[in-house]
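Student: The structure under discussion is supplied below as structure tokens; questions concerning it will follow.
The values are calculated or read from the model by the stated rules, or taken from the named source; none is laboratory data. Note that the coordinates shown come from a computational prediction; the quantities given were computed from them, not determined experimentally. Cβ atoms come from the backbone with ideal geometry, glycine included; neighbour counts cover every protein chain shown.
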Amino acid sequence: MGPDGRAFTPGDGPTEGLADLEYSLSPTELQQLRRSIRSSLGLGATALDSPAQLEGALATIVRSLGGRGNPSVHRSPATLLAPEYWHVRIDGSDPTTIAALAALIQRDTIARGQLA
């Protein structure tokens, strides 16, 4: 997010040090990420059970840290031969966003403005 509250788009400002992050999460990993996000944002029992809700929560975390990146979340439904997976992608992530997402994935919480 820029200082004006707009999401960064490709071509906004310098891109040095930015990376695209992508995770594929099993249902168990997704549950842990949801718990970390709810704890970090003080959401209590909010389910975050749709891709749109999870995407919005990730965008809130990026914004609250003053980070940079555009999250998107997609769900791959279970089939006979493959389990359900959720795909989390954050395009144009800066080092702050990269560290925050890594901490969330590692079961930590993020305090507003800093890593907990």
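Student: Give the number of residues within segment 19-68 that are loosely packed, with under 15 Cβ neighbours inside 10 Å, among the small types (Gly, Ala, Ser) and not in a strand (DSSP E or B).
Tutor: The total comes to 9.
Student: Additional query: Does at least one position in segment 7-20 carry a residue that is more than 13 Å from the chain's Cα centre (by Cα), hydroxyl-bearing (Ser, Thr, Tyr) and at pLDDT 90 or above?
Tutor: no
Student: How many of the residues in segment 71-101 are of a type outside the set (Val, Ile, Thr), part of a strand (DSSP E or B) and either surrounded by 15 or more Cβ atoms within 10 Å (Cβ to Cβ) or touching a helix residue (DSSP H, G or I) at 6+ places or on another chain (Cβ under 7 Å) (or both)?
Tutor: Residues that pass the stated criteria total 10.
Student: Taking interchain pairs and intrachain pairs at least six residues apart, which have beta carbon atoms under 7 angstrom, with the first residue in segment 83-100 and closer than 21 Å to PRO51 by Cβ and the second buried (at least 17 other Cβ atoms within 10 Å of the Cβ) and among the basic types (Lys, Arg)?
Tutor: GLY92/ARG68; SER93/ARG68; THR97/ARG68
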